[in-house]
Each structure stands twice: as structure tokens, then as C-alpha cells.
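None of the figures in this text is laboratory data; all of them are computed from the coordinates on show. No experiment lies behind these values; they were computed from the predicted model shown. Note that each Cβ is placed from the backbone with ideal geometry, even for glycine, and that neighbours are counted across all protein chains shown.
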């Protein structure tokens, strides 16, 4: 092949030269080039090495179906592997390299595997390495895994960068009346018709230039310019460099916009790509068709490409891809290609597989120097690294016989056209085989999706234009506009019948013919799969990996099916097709992620006293979406020293802890009391105003859902708190009950979690702190504010507050809530009072130590598999009233005494430690799932050793005097423990009374 | 992504909603026999075709809705407020 840039013609800007590098060499192209056209213009032939055999590969197409020119673009962190050179827009400074080759694509040591290619057929790896001695003597799949690693290294494609992606990606949303996919002759006309009917139209085009097949035609482009200017006037939103990669339910489309992939120096604020979710009322698919190749010997050599691709390189990019060209076709579309190439000075020999050429068709070659041979086709390409000649085949009865040898440097192939039915297939419209056109056509769908142009099997430009207008009118009418219906006139299909041609062979000749070049699947592989019992297309695909490469079968699927049908002696329509799924072309993970990466991976919730906590030396930790203080280290303190000090201070004096993250719900209305009485297991009917009560709520199935305190503020007004973890779930649950089950109850629930900031004041001196901070100290005396009492008061700085005397730590304690904006003011006041009493600020770690000592459960214990008895709270299940979950919690299995119950855990040797997440076993039976598990551990300053909380079958009574071992096989050795009551600290509960 | 026409907010992405469950279930009284509760909580039809479902417009108006959806096609046949009183108010207004 000797390709060269022509002096004139094409849509490139010859005055604008671009420097780029290919495999380390600096070469030039022009603005308007793709990487492929620029490489072709520089006569670069070998651009890649194949997946399995390391065969040299060059440009095979001019679009997204490319399976040869697959390269790596960019360097360092911006290295992008497996980029199709045919779709990469050229820019100044672009760096591209070959892949899957060493030292380079022109001289590749891995090509040695081609010599062993007869051993590397479909299923080879599995047959050789799986289940066969010596590879798997009693080793399971262990040996296979080791061999697989070596094989994987030899096979493959580009290598992704291991560095973090330095670019930004965006998610964007849009709406429109009509989405048109594809800006070719059909799509442009469809968009214009719909927009002129007054509709909001979005037209997306994957190419960097709108025009589709107009761009490939040898014309001055005036028709296209006119259409584009009309579209602008009509207000169509045209999005180029944007791929509609998937169609989803109810008119939703996924679009990928490549914003900076074509820019040499994108500005910092621009995202690399934008992931659009577009909702359209009507969708028109004018996605065109892809030209098929034909299976013949060495049909993967650099210098073999589709006929239409050559026309694109010639007319759009001003590159003549060869001097002596043979075109092998079975349909009319290659004739204009032959004429255009001959007109640019190439010697062109056109082989038409059809024996009878209609005079009208032959006449289209008149005036050109194209030499036409009918009843002929390409059989075998000569040349190792390129095309040096072509053995031809001549029609012989139903088959072929060996013909002569053509001297040539470029072989063009047209095996017919496959409409791009992918997007319709995403919507469940199963493609239908059309024997007359030798292609799959989009199936029927009841959704508002219209097909237009070549995507619907319409081949001629003028017919495509009419078909676009018809689709635009149909979409407009479906949206209530009154537009004259346009009907398709004339033939939609071929003017002269196409003849089915998928493979060319002659008896007795051994050929290396590729069906899916990207995965190195040959025609023999397909036949081998059939011989080995793969009878359906789905089996064929999985056995040979046909259609599983980055082009997802765009190049080889139809041919593979045709060969399979032939082997089965069936028609293609009986073999079926595989289902196309999104994405149409690859979508980068960055685009899917958008801005949700790094610290923005998920939402972050900060409490209104977050800054205050950090200003007071809090080390923060994650608690669900929340950031909460973990511990408040003094200079030189470790985390352990800090939380032990904090825990001890709470037990001896007083501590303050941010509890804002607890869920808070206002339950209001005349039936609020009845409502609470139905959802909590314990009675709420007689809760006095100014009192709080700890409550447990169950799910319908009787398992514990959540716990918390609910405060009665007035006759009809309650303030409910939930755990941090279940706050949202409880709110949804209450709404569900009120809307769906008990619409007669006059109750309103409102989430007020964001409105109130809370601080726990815990320890024997907590009342002193409160007394120092409220305007009227009498309000917090033991009489006014006894255990479980609630008061509404005013802080000394004038801030209104709610105080409840409730205790999570086991000490005398209260929770104080103020409107969120006053949180720092409250903390300033409370801390000033606590500090003089030698108090402390405490975080999650000390909170955990305090509650484990006390045996209080949290979300870790209430994991949805726990009954109220399991949690040791059976006394709270009323037998005097009905409530949610009461019936099903009494299922026999859930009342069994030997269920895993909450217990405390001490190490037998008090100097030992153990971990949470471990299994509790009988000491003489450390195996299997054991008898229980540990949910939390802490060093206990009160006991002076480590303690734990967890569950074990039968509870602590069943394990008195029995030996239990904590099994921790992965992290450390086992530890012998004692099972004790979960109420390890102050079991009689005297301390919280003060 | 399916789109749900909320009677309060208009047509919205399903990501604004959470799926509740089978909308055809009538939950028994709190003191009903265990057999009734077992059936209401655990027994479900695996419907192919039109199904009545509950959805919660959790990122919108927070209304619980009854949605008739075709499980084969995702086609939505009707949407109404699940709360009978609120549904009646909407009916009057429209």
C-alpha cells in the first residue's frame, strides 16, 4: 500500500498543520484529520498487533467499528488505551503509540505465536490447561490460575494508566421534545422537520463534524452547509462529539460528550467528558449502517479495508489510500467508490461477486477507468506486512474456484451493510433478518422510537433524506403538531439485488480468514465451535469470544452468524441474533463516576458544631455520611490514651459529646399518642407531658427496627429521636404507616434532624453544668428534671433549648437541644461550665467504651436479624396492647431460648485483648460458624481490662462455667474468654439516678 | 431509568423515588391471627404484567403513591396518592 495526501480535496485545512507523534516519531497532519487519516497520509501501515496471534494490523475502517488501528493515546496519568485511531480527532501535540507489541508494532517479538496458531484455536486454553494432568493433579483450578496469568500477559490490548485520573468529568441533565441520533442525510432532515413544527429538538452526532455520509461524498458540501444553517435558524441543539450510547425506559437516553479529547491545551475548568442523561418525548434513530467485510484469506492484512472507508479517506480527508486498488463487492455501493478513486488517479479493478451486472449499474462506471470483472471475488491476500497482491476467486456453480493473481497494494471490501440497530435493540426491539437486503433490520417497538435512513435499511441518499423528513413528521404528529405526513416513495432497498456473500473459499485451499479480527476469531474457529457442539449463537459467542471485543461485534457478528447458519444448514433468520446492550461504544469509568470521586465519593454531613469541634482539637471519623468527633487528644496523647481519659472523666466528673447526628422527628396531631402506642413495643398511652420514654420499634416481621427516646412536649406534640444509622429509614416507615395503613389517624410527622443541634452532658457533675448554663437553675433540679424528665428552658445567652434527662453512658446525663444555628453558642456556654469542673469533650471512641461497659445496643447490634429478646430487651415487649411486629415476633422459632442473645465478654487472662467481628466458639470445638459473634470491643477503664459485647446462642446463662474461645484465624491467635451479663457496669442502674 | 408522573410534582426520574412494595396488600389488624400476618408479610405474587405497587416520592413531595406498572414493559398505567383522603382531595381539585 502506498497511501499519500492529495494536493487538493477533502474537508481538512491544509493551511493548518498539526504536529503529533506516532510511536516516538514526530509527524504532521492537518486540522480536520482523524489520527487514522493523518497516519494514512503519512503512509503508516502497521498500527497494531492482534490480540492472540500478534498479526500486523492496519486501518480497516473509518469509524467506530475499527478493529485494526487500535492505539494508545496520551502519556502518564492521561494514557488512554484501546483508542480507535479512526475516531480520535487529531490535535497539535497528540502522542500516540502502538500496543500489544514489543519492541514495536512493526517488529513484534510476540508474532512468534502466529507460528503456533493452529494450537491457539477457540477453547484452546481451557482444553489444555483445565482439568488435565499434569496441570491439575488434585489442585482444583490452582494451576490453571497460574498458567492463565502467563497467557493473559501474551494476549491482550493496551495497558491502562495506574495513576489516578487527573481529569474532571461532569454529569449533566437535559430534556427535549425530540432526540435525533445521527446527523447524516436522514438525521439532519428529521431534526429540521421536527424543529420547524415548533418542537425542541436535540441532534447528537458522535463525529466531530455533522454530516454523516454527506462528508464522504465528492461534492462541494453546499447541501450540507445549507441544512446546517437551516437547523441553526430552526433552533435545533446540535451536539457533536457526542455519542448516544444507550436508550433506556420512558425516553431516557445516555449521552457521552467528549469535551476536551480533541484539545491540545484544554483550560482547567473544562471537564474531559460530560455524561448526559437526556429525557426525550420522541426519539428518532438515524444511526446509519456499517459496511461489512467478507471472510477470505489474510483478510486482516494492513491494506485491506472497507470500500466506504477508502471513499471517506479520499473525499473527506484528501488521502488516496492506494495506487493499485482491487475492490471486491457483492452490492452496488462500491461502484461510486471505484469511480471516485479512479478519478483521483488510482488504477482500480472492481470485482463483483454477482455474475449478471445490470446495464444501468455498469453504466455508472462509464467515463472512468475502472476495470470491472463480474462473478469474481477476493480469495487470499499476498504479502506479510502489507498487501503485495491478491489471489482472486471466480464464480463456479454454487461456489468458487481459484482465479488469477492481481498485482495491487490495496484491497477494498464490501460485503453489504449492517444497519446500526443497537439503540433500538436496547429497547427490546429484536432485530429481524431481511434476506433481500442481507442484513438485520430494527424490530418493531411500541415505544415512541422512529427509525430513519440507513439504520432502517434505506441505502440511497435521497431516499434517506425523505425517510428523515418522514420520521420528523411522525414524531411531530405524535406530539400533537399538525404536520403533513410524508410517505416513503420508491424502493427502500437496493436498486439491483445484493448477493449474499460472507466467505470466499475454494476446495482444498487452507486459508487464515478472520471473522472477528479484534479477538482473532477465524472462520475455522466458528466451524470448530459447531463441531464441538456449540449450536446456538449465544454458545458460539462464549466459546470463541466472537463479538466480545471493544467493537462488540460491529465488525464480525453478522458474518459469524452466517457461517454458523451454514454449518447448521439453516437460514440466518433461524439462527437469531445476540442482544445488543448499552453502551454502543465504550464509556470511560471517569464519565460514569462524574464528580463523585475522592472526598466527593459520597455526600458528607457535618453537624452545626463541626467547626467548633475541630477548633477544640477533635479528630474526626466517619459515621455513615456524618463526620463526628472520634476523640479529643491533648498534646502528646495517643487515641487510646485520649479515649480512656475521656471515658474516665465522664464516669468521675462530666463530659460533653455532639449527638446532633441522631435522627429527630416531630410527631404532632390529636392522634399522635395512639400512633406512638402502635409503633413502639412498650406503652406510650400514658406518657405524661414533660416526660421522655425509651422505646423500641419492630418491623412487621417482628425484628427490631430501631430504638430511641420520645419526649412528650404537649398533649399533641412529641419529639422523637432515632439512631443515627436508621434516621431516614424510620422517617420513611412512619410516613408509610400514616399514608398506607392508618389514613384515619390525624398525625403529622416532620423530620427536624437538621433543625436541632444536640449535646450530651454526661457524668456525676452534669447537673452542675446545666445549672450553670440555664437562666433558671431551678428548672434542672432533681425535682424539676428527674430521670426521664423533659424541660423547655432558656440558656443564659438567651438561646431557647430542650433538655431531657436521659443516659446512654450509664451516668447521670442529659441531652440538650438548641436550634441548629445556636450550636456553637450552646457549646461555648456548656464547655465553659464543664471545663472548670475538670470535665472533657468526648468522641465516638469514648462513647463506644461507655456504652459497651453499660451493655447498651446500637445499630451494630440491631442489624435487622435481632429480636427484642435477642437484644436483651424482652421486658419492653408489652403484653397489654397491640403494636407493629407483635404477632410475628411470637413465631416459635423467634421465641427459642437458644437463639443468639446479647452478652458481655471478658478475656479469661485479663491482660489479653481480642477483636470485634470475630467468632465465639466452644473451646473444644473451634470450627465452623461457632456459637456466636462479637460486635464491639473496648478497653474498659472501669474494669482495667478489655471487654466486649456480642451475641452467643442461649445467652450468658447458658455459658456460665463453660469455656469459650474467640476464633480470629486471619488476624491473630485465639483467645479464651468468659461470657458475662451484658450489663457489665452498674448493673442495678443506680448511677444514672444521680 | 423509568419516569413516574407524580400527581403532586409532575413527571420525575425514578431516582427521586424509592420502591415500597406490593400495593395490593391489605395489612391485617394489629391483633389479627398469625396466619393473616404471615400471608400479608411474606406471601407475594411474582406478577408478569400489570402490578399495583407503592412508591415513595422520597426526594420530592414525600408522598406515598400507588402506581400501576407493567413489569414487562415498565409502562405506567396510573399513579395516585396512597392516602385515601389526600387522593380524594386531588380528585376534587382536578
- Report the label-to-label distance for residue B:74 and residue A:652 in nanometres (one decimal), using points 7 Å from each Cα along the Cα→Cβ vector. 6.3
- Measure nothing fancy, just the Cα-based angle from helix A:639-652's long axis to the longest principal axis of chain A, in degrees from 0 to 90, nearest 10. 30
- Note on the structure: Reduced to Cα centres, the span from segment A:517-586 to segment A:794-841 in Å works out to 71
- Of all DSSP beta bridges located in chain A, what percent are antiparallel, nearest 5? 70
- When you take every Cα atom in segment B:3-93, what is the radius of gyration, and what is Dmax, the widest Cα pair distance, in Å? 14.3, 41
- Message: Checking the a/c ratio against 1.5 first, then a/b against b/c, what shape does the Cα gyration tensor give for the protein assembly as shown?
- Response: prolate
- residue A:384-residue A:571 pseudo-label distance in nm [points 7 Å out on the Cα-to-Cβ vector]: 4.7
- Task: Would you mind classifying segment A:839-994 by shape? Square roots of the alpha carbon gyration tensor eigenvalues, ordered a ≥ b ≥ c; an a/c under 1.5 is rounded, otherwise it is prolate if a/b is larger than b/c and oblate if not.
- Result: oblate
- Would you calculate, for the protein assembly as shown, the mean residue ellipticity at 222 nm contributed by helices, counting each DSSP H stretch of 4 or more residues as -39,500 (n - 2.57) and dividing by all residues, to the nearest 500? -6000 deg cm²/dmol
- Message: Once you place label points 7 Å from the Cα toward the Cβ at residue A:835 and residue A:358, how far apart are they in nm?
- Response: 9.6
- A chain fully extended from residue A:374 to residue A:160 at 0.36 nm per residue, minus the present Cα-Cα distance, gains in nm 72.3 nm
- Residues listed by number, segment A:255-275, amide nitrogen under 18 Å from residue A:445 label point at 7 Å toward C-beta: A:255-256
- Note on the structure: Residues of segment A:435-468 with backbone N under 18 Å of the label point set 7 Å from the Cα of residue A:6 along Cα→Cβ are none
- Message: What do you get for the angle between helix A:185-196 and the principal long axis of chain A? Use alpha-carbon atoms, 0 to 90 degrees, nearest ten.
- Response: 60
- Task: Could you tell me how many degrees, from 0 to 90 and to the nearest 10, lie between the Cα long axis of helix A:557-568 and the main elongation axis, the longest principal axis, of the Cα atoms of chain A?
- Result: 80
- Item | Three-way shape call for segment A:333-425 based on the alpha-carbon gyration tensor, with the a/c threshold at 1.5 | rounded
- Item | Residue order, fewest to most surrounding Cβ atoms within 10 angstrom, among A:693, A:311, A:899 | A:899, A:693, A:311
- Between residue A:581 and residue A:107, what FRET efficiency comes out of the Förster formula 1/(1 + (r/R0)^6) with R0 = 56 Å and r the beta carbon distance, rounded to 0.05? 0.90
- Find how much the distance from residue A:268 to residue A:19 grows on full extension, using 0.36 nm per residue of separation minus their present alpha carbon separation; answer in nm with one decimal. 87.4 nm
- Message: Can you compute the FRET efficiency between residue A:222 and residue A:752 using 1/(1 + (r/R0)^6), with r the Cβ-Cβ distance and R0 = 51 Å? Round to the nearest 0.05.
- Response: 0.15
- Part-to-part distance (alpha-carbon centres) for segment A:385-454 and segment A:911-936, which is given in Å: 65
- Message: If I stretch the segment between residue A:78 and residue A:741 completely, what's the gain in nm (0.36 nm per residue apart, minus their alpha carbon distance), one decimal?
- Response: 233.1 nm
- Expressed as a whole number of Å, what is the distance separating the alpha-carbon centroids of segment B:13-47 and segment A:44-69? 57
